[in-house]
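Note sheet for the following structure.
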Amino acid sequence: MKRAAQLFLIPAIAILPLTGCKSKKQTIQKATGDVEITLPFSSKEFRSDEEHFRAKQVGKSPDLATAKKIAYQNAKAEMAGNIQSTIKRVTDQYTNQRTVGNTQEFENKFEELSREVVNLEMANVREIGEKTFQSQDDKSYSYWIAIEAGKKEVFDKLDAKISSDAKLKLDYDKQKFQQIFDAEMKKLADE
């Protein structure tokens, strides 16, 4: 009888630690009724960092090709906005730290150049991930894409545009501009 009790207790003791180890996620789900959703490409390697501008987006459509087009266009628009806002912050800091002949003209010209650079760079983005899902309800497709553009390529194109403009070249200090640009890219990585 004692032997039978021991055989019963050993598995019960072994199972006890496993039943006490519920995750917080399960506890929250039971308490609120909410379910955590993990989106594709949400890990660190798909976020902008010191070396790359990155964007991820989804497109949804009953047609897979259309879902892909929507996702790609959305991702490119997001990335273009990120590049343009980074260049704007760099330009603002650069003109505040330097005495530029006509600050307003300098900033306007930079804004125009940044649009040109963004348009050029959008042709050179590369895909770093894709995932396709099909809804079981309506059979529509959700296509996720992650893209990136290199910081060096963006800076080099901007530098070439500035260097080819006689007025901008007069007030341009490449090393100072690159230092500010690199600092802004580091901020992206820290976000």
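Computed from Cα atoms alone, the Kirkwood hydrodynamic radius reported for segment 65-136 is 14.5 Å.
Considering only ALA183, ILE70, ILE128, whose Cα is most displaced toward the positive end of the charge dipole of segment 51-191, charges sitting on Cβ of Lys, Arg (+1) and Asp, Glu (-1)? The Cα lying farthest towards the positive end belongs to ILE128.
Placing dummy labels 7 Å off each Cα toward the beta-carbon, the span from SER43 to GLU116 is 4.1 nm.
Just so you know, the Cα atoms of segment 73-191 work out to an Rg and Dmax of 17.6, 62 Å. Phi angles of segment 113-125 translate, via the Karplus equation with coefficients 6.51, -1.76, 1.60 and θ = phi - 60°, into HN-Hα couplings of 5, 5, 5, 4, 5, 4, 4, 5, 5, 5, 6, 10, 5 Hz per residue; Gly and Pro are given as x. Rounded to the nearest 0.05, the FRET efficiency derived from the C-beta distance between PHE133 and GLU153 at R0 = 35 Å is 0.65.
Backbone phi angles across segment 38-52, fed through the Karplus curve with coefficients 6.51, -1.76 and 1.60 (θ = phi - 60°), yield HN-Hα couplings of 9, 7, x, 6, 9, 7, 4, 5, 9, 9, 4, 9, 5, 10, 9 Hz in residue order; Gly and Pro are listed as x. Of the solvent-accessible surface of segment 90-191, computed with a 1.4 Å probe and all protein chains present, 44% belongs to carbon and sulfur. Placing unit charges on C-beta atoms (Lys and Arg positive, Asp and Glu negative, everything else neutral), compute the dipole magnitude of segment 47-191 about its Cα centre in debye, rounded to 20. Approximately 140 debye in magnitude. Karplus-derived 3J(HN,Hα) values for segment 78-83, using 6.51 cos²θ - 1.76 cosθ + 1.60 with θ = phi - 60°, are 4, 5, 4, x, 5, 5 Hz; glycine and proline are entered as x.
With a probe of 1.4 Å, find how much accessible area segment 119-163 has per residue, and write the answer as a whole number in Å². Kindly include the intermediate steps, with their values, before the conclusion.
Details: 2390 Å² over 45 residues.
Ligands and nucleic acids excluded, the figure is 53 Å² per residue.
At 1.4 Å probe size, what's the solvent-accessible area of VAL35? Round to the nearest 10 Å². Near enough 110 Å² of accessible area.
The values are calculated or read from the model by the stated rules, or taken from the named source; none is laboratory data. The structure displayed is predicted, hence computed values, not measured ones. Don't worry about glycine lacking a Cβ; one is built from the backbone with ideal geometry, like all the others, and counts go over all protein chains shown. SASA here: full protein model, heavy atoms, side chains in, ligands and nucleic acids out. Shrake-Rupley method; radii C 1.70, N 1.55, O 1.52, S 1.80 Å.
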